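Chemist: Before we start, here is the structure in question, set down as structure tokens.
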Amino acid sequence: MRIALRLLAVISFLGPAVWWVADGAHPGWSKNTVAVHTLDEITGIEQITYEKRFVPGIDTLAFGLAVAVGLSGLSAIIGRRPR
Amino acid sequence: MNSSTFILASTRLLAATLLATGPATHAAEQTFDFKDPKGVNNATFKLDAVLETITGSANGVSGTLTIDREKPEATKGVITIAAPSLHVENTAMKEHMHGKDWIDSATHPEIKFTVNSLSDFKMTGDTATATVEGKFSLKGTEKTINVPAKVTLLPGMLGKRSNGKLEGDLMVIRSTFTIKRSDYGINPAAPTDKVADDIEVSLAIAGASPKK
């Protein structure tokens, strides 16, 4: 049980971290929409539209870390031998 | 036809001609409509604070500008941005931005720039640069500001853009300027290390002037 919780804690931290890095290591808050720039050839203006896509930000990293810390703490409590 | 009838008829003809053609001094005036059915026109904004950079855009652009090519400094008009069209990429942040403390787009749905006058006008080919003085209105506060603008005239290009449905000219305006969040009552209590006081606004809009 203790090992399983610790393994889960590592996954909880590394999972979002790998996802964050793989999706461009966005330094701000997570995004629910992403800007798509398209050039209007006649006017030369970049049209901005938004597509619905989740991009993890530092809050996703923080959430993963918080879950990992929680699971580690739980594993320490569960694994403690009674005196 | 007696002489009085002739004079009356001539006066009516002259008045009708004047009404139809307008005063000779306004012959070079041209009005451009910035309501863009393609939704290309946009304004972007950037708040670059120490801890966080917030960027977004708005595409609810409308308004008209009337220019006189012989007297460009007399350019008049209003460009309006629909406040509800302001968008940032994080949904929760967008909800906050439109709230009462920030933009309050429900109470103040329009962001307006009313052109007063142009100065430092320089023309190179079909492109002109100028400093535009106007009244910028945001969240119920109006301030007179000066903004640099680059204006490009695209004669006869409306036909190409509208797939031949309309004939006329296009005018592209680009401008980047900075306003202060605190000047317009946009949550002035918010810490500037998280939300910058300076808002960099970039406008890229095209107006159409169909041939009548």
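The values are calculated or read from the model by the stated rules, or taken from the named source; none is laboratory data. Only a predicted model underlies this, so the values are computations on that prediction, with no experimental measurement involved. Cβ: placed from backbone, ideal geometry, glycine included. Neighbour counts: every protein chain shown. Only protein heavy atoms, including side chains, enter the accessible area calculation; ligands, DNA and RNA are left aside. Shrake-Rupley method; radii C 1.70, N 1.55, O 1.52, S 1.80 Å.
Chemist: Which residue is surrounded by the fewest Cβ atoms within 10 Å (Cβ to Cβ), if the candidates are limited to the range B:78-109 and must be part of a loop (DSSP other than H, G, I, E, B) and in contact with a Ser or Thr (Cβ under 8 Å, 6 or more places away or on another chain)?
Modeler: B:100
For (1) within 14 Å of chain B (Cβ to nearest Cβ); (2) touching an Asp or Glu at 6+ places or on another chain (Cβ under 9 Å), each residue gets a yes or a no:
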residue	(1), (2)
A:1	no, no
A:4	no, no
A:15	no, no
A:32	yes, yes
A:36	yes, yes
A:39	yes, yes
A:53	yes, no
A:61	no, no
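Chemist: Next question, about the same structure. Can you tell me which residue within the range B:107-127, out of those that are hydrophobic (A, V, I, L, M, F, W, C) and under 20 Å from residue B:42 (Cα atoms), is farthest from the chain's Cα centre (by Cα)?
Modeler: B:111
Chemist: Right, another one. Looking at residue B:40 and the list (1) on the phi < 0 side of the Ramachandran plot; (2) outside any strand (DSSP E or B); (3) at pLDDT below 95, which single condition is not satisfied?
Modeler: (3)
Chemist: Conditions first: (1) assigned to a loop (DSSP other than H, G, I, E, B); (2) free of Cβ contacts under 8 Å to residues at least 12 places away in the same chain; (3) at the interface with chain B (Cβ under 8 Å from one of its Cβ atoms). Residue A:28 passes all but one, so which condition is the exception?
Modeler: (2)
Chemist: If we keep just the residues of the range A:31-63 that are free of Cβ contacts under 8 Å to residues at least 12 places away in the same chain and either of a type in the set (Lys, Arg) or open to solvent by 80 Å² or more (accessible area, probe 1.4 Å) (or both), which is farthest from residue B:91 (Cα to Cα)?
Modeler: A:41
Chemist: Kindly establish whether residue B:71 is more than 14 Å from every other protein chain (Cβ to nearest Cβ), more than 16 Å from the chain's Cα centre (by Cα) and open to solvent by 60 Å² or more (accessible area, probe 1.4 Å).
Modeler: It is true that residue B:71 is more than 14 Å from every other protein chain (Cβ to nearest Cβ), more than 16 Å from the chain's Cα centre (by Cα) and open to solvent by 60 Å² or more (accessible area, probe 1.4 Å).
Chemist: Which ones in the range B:142-170 are of a type in the set (Lys, Arg) and open to solvent by less than 50 Å² (accessible area, probe 1.4 Å)?
Modeler: Answer for the range B:142-170, where residues must be of a type in the set (Lys, Arg) and open to solvent by less than 50 Å² (accessible area, probe 1.4 Å): just B:161.
Chemist: On the given criteria, is residue B:41 open to solvent by 40 Å² or more (accessible area, probe 1.4 Å), within 14 Å of another protein chain (Cβ to nearest Cβ) and more than 24 Å from residue A:59 (Cβ to Cβ)?
Modeler: Judged against the criteria, residue B:41 is not a match.
Chemist: While we're on this one: Return the only residue of B:139, B:112, B:122 being of a type in the set (Lys, Arg) and either under 16 Å from residue B:208 (Cβ atoms) or open to solvent by less than 60 Å² (accessible area, probe 1.4 Å) (or both).
Modeler: So the residue among B:139, B:112, B:122 that is of a type in the set (Lys, Arg) and either under 16 Å from residue B:208 (Cβ atoms) or open to solvent by less than 60 Å² (accessible area, probe 1.4 Å) (or both) is B:139.
Chemist: Whether any residue in the range B:131-145 is within 14 Å of chain A (Cβ to nearest Cβ) and either more than 23 Å from residue A:35 (Cβ to Cβ) or outside any loop (DSSP other than H, G, I, E, B) (or both) is what I want to check.
Modeler: No: zero hits.
Chemist: Select from the range B:171-199 the residues that are within 14 Å of chain A (Cβ to nearest Cβ) and part of a loop (DSSP other than H, G, I, E, B) and write down the one among them that is most open to solvent (accessible area, probe 1.4 Å).
Modeler: Ranking the qualifying residues of the range B:171-199, first place goes to B:194.
Chemist: Based on this model, can you work out whether residue B:131 counts as of a type in the set (Ser, Thr, Tyr) and touching a residue at least 40 places away in the same chain (Cβ under 8 Å)?
Modeler: no
Chemist: Let me ask something else about it. Mind listing whichever residues of the range B:61-110 are touching a residue at least 60 places away in the same chain (Cβ under 8 Å) and closer than 19 Å to residue B:187 by Cβ?
Modeler: Passing the criteria: B:101, B:102, B:103.
Chemist: Scan the range B:47-68 residue by residue and report those that are within 12 Å of chain A (Cβ to nearest Cβ), assigned to a strand (DSSP E or B) and buried (at least 16 other Cβ atoms within 10 Å of the Cβ).
Modeler: B:47, B:54, B:56, B:57, B:58, B:61
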